[in-house]
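Peer 1: Quick one: the structure is below, and I'll ask about it shortly.
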Amino acid sequence: MSKKGRILVAMSGGVDSSVAAIMLHEQGYEVIGITMKTWDYASAGGSSKETGCCSLDSINDARALAVGYGFPHYILDIRDEFGDFVIDNFVDEYIAGRTPNPCVLCNTHIKWSALMKRADKLDCEFIATGHYANIRLHDNGRYVISKGRDENKDQSYVLWGVSQENLARTQFPLGNFTKKEIRQMALEMGQEELAQKSESYEICFVPDNDYRAFLRHKRPTLDDEIGPGNFVLSDGTVVGQHIGYPYFTIGQRKGLGIALGKPMFVIEILPESNTVVLGEEHELEKSQAFVRDINLIKYASIEEPMEAITKIRYKDAGAQSTITQQGNVMQVDFAHRVKGIAPGQSAVFYEGSDLLGGGFLMKL
């Protein structure tokens, strides 16, 4: 074993995780690469060519790179665990009238768990991923995630659910680099094709980013079970019919299938009556939110109300707020009203660049 130790690197075949593996290899770690097969396109109802981190091409690219640098590579098939947990939750959340957050669930419950189990079997002290985030040991003895240097690529938002036990053995080699720098490093490493690889911003298991078709594929009787319902205004006035509440999300403006002479947005979903409430943009604004199933990162608990920046979606800039812990629920009072709080999505709290923790937004 090398002086640096043995490290298991999650390799998707993309530029980020590939450069991370090469960096660690060149730093003197004994690298073992692993690619997780989380799903397959056919079972998701895809009609076009399979792409993304779980495609055969991506797996072969990861393996070829590992062979080229002389370190072992394994494929780990976790389709059953992924499907049973992440995909079933995705469908169930929409049927419950919420907007799911599959990347958080995958990181928290599937990928880190699978990586740790395999790391233990392979006697690896550490695991590493290609996430743009940083990690350090705080003075209070807790492992703290902080934002990556590249604000546009920072992925700390989707990591709030990772446990302290797992963070203690995790490394993020790309945290202090920008995406542009990583692509340049790939070029300098002689990996020209890798450097030019495009990246997907879609949910990995939803073909063509069409979640409505995916829901119908996974639940063929969904339309018969739910059926059409009413569009109403916030005062209860019925203004039309929709195809079924699971096909809508809070904040949605396009694709409503109704024209009311001015821009209208989904401001509430009422699954018990199959009702979708529409309103003007200002009606999306809220001054308070409650967050369930919280996992704290920087501190074991938050004893007193504290100032924090709260992000309610991945690309949200964040809003000044006061957070108050109430057991496993966090009350969030925003300094200024925020728009588009969607139950089921993640709310993530920051102190400066440090991740305080996060949880799932509740319906008020």
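The values are calculated or read from the model by the stated rules, or taken from the named source; none is laboratory data. From a predicted model like this one, the values you see are computed outputs, not experimental measurements. Positions of Cβ are backbone-derived with ideal geometry, glycine not excepted, and every protein chain shown enters the neighbour counts. The protein model used for the area step is the full one, side chains on, heavy atoms only, and it has no ligands, DNA or RNA in it. Shrake-Rupley method; radii C 1.70, N 1.55, O 1.52, S 1.80 Å.
Peer 1: With the checklist (1) charged (D, E, K, R); (2) part of a loop (DSSP other than H, G, I, E, B); (3) out of contact with any helix residue (DSSP H, G or I) (no Cβ under 6 Å at 6 or more places or on another chain) in hand, flag the one item residue 150 doesn't pass.
Peer 2: Condition not satisfied by residue 150: (3).
Peer 1: Answer yes if at least one residue in region 312-324 is open to solvent by less than 60 Å² (accessible area, probe 1.4 Å), among the aromatic types (Phe, Trp, Tyr) and on the phi < 0 side of the Ramachandran plot, and no otherwise.
Peer 2: Scanning region 312-324, I find no residue that is open to solvent by less than 60 Å² (accessible area, probe 1.4 Å), among the aromatic types (Phe, Trp, Tyr) and on the phi < 0 side of the Ramachandran plot, so the answer is no.
Peer 1: Looking at the structure I just gave you, is residue 110 closer than 20 Å to residue 5 by Cβ, crowded, with 19+ Cβ neighbours inside 10 Å and either more than 17 Å from the chain's Cα centre (by Cα) or not small (Gly, Ala, Ser) (or both)?
Peer 2: The answer is no for residue 110.
Peer 1: With 177, 205 as the choices, which residue is buried (at least 20 other Cβ atoms within 10 Å of the Cβ), at pLDDT below 95 and in a loop (DSSP other than H, G, I, E, B)?
Peer 2: Of 177, 205, the one residue that is buried (at least 20 other Cβ atoms within 10 Å of the Cβ), at pLDDT below 95 and in a loop (DSSP other than H, G, I, E, B) is 205.
Peer 1: Also, quick follow-up: Can you tell me how many residues in region 175-205 are charged (D, E, K, R) and closer than 30 Å to residue 216 by Cβ?
Peer 2: 2
Peer 1: For residue 165, indicate whether it is open to solvent by 60 Å² or more (accessible area, probe 1.4 Å), touching a Gly at 6+ places or on another chain (Cβ under 9 Å) and among the charged types (D, E, K, R). Walk me through how you get there before you give the answer.
Peer 2: On the way: open to solvent by 60 Å² or more (accessible area, probe 1.4 Å): yes; touching a Gly at 6+ places or on another chain (Cβ under 9 Å): no; among the charged types (D, E, K, R): yes.
In short, no.
Peer 1: Moving on. Given (1) under 13 Å from residue 16 (Cα atoms); (2) surrounded by fewer than 16 Cβ atoms within 10 Å (Cβ to Cβ); (3) outside the structural domain of residue 102 (by the TED database), where does residue 154 come up short, assuming only one miss?
Peer 2: (2)
Peer 1: Okay, next question. If residue 144 satisfies all but one of (1) farther than 30 Å from residue 98 by Cβ; (2) open to solvent by less than 20 Å² (accessible area, probe 1.4 Å); (3) assigned to a strand (DSSP E or B), what's the number of the condition it fails?
Peer 2: That leaves (1) as the condition not met.
Peer 1: Something else about it: Scan region 310-322 and give yes if some residue there is at pLDDT 95 or above, part of a loop (DSSP other than H, G, I, E, B) and of a type in the set (Asp, Glu), otherwise no.
Peer 2: Among the residues of region 310-322, not one is at pLDDT 95 or above, part of a loop (DSSP other than H, G, I, E, B) and of a type in the set (Asp, Glu), which makes the answer no.
Peer 1: Can you go through 210, 224, 293 and tell me which one is surrounded by fewer than 16 Cβ atoms within 10 Å (Cβ to Cβ) and touching a strand residue (DSSP E or B) at 6+ places or on another chain (Cβ under 6 Å)?
Peer 2: The conditions single out 293.
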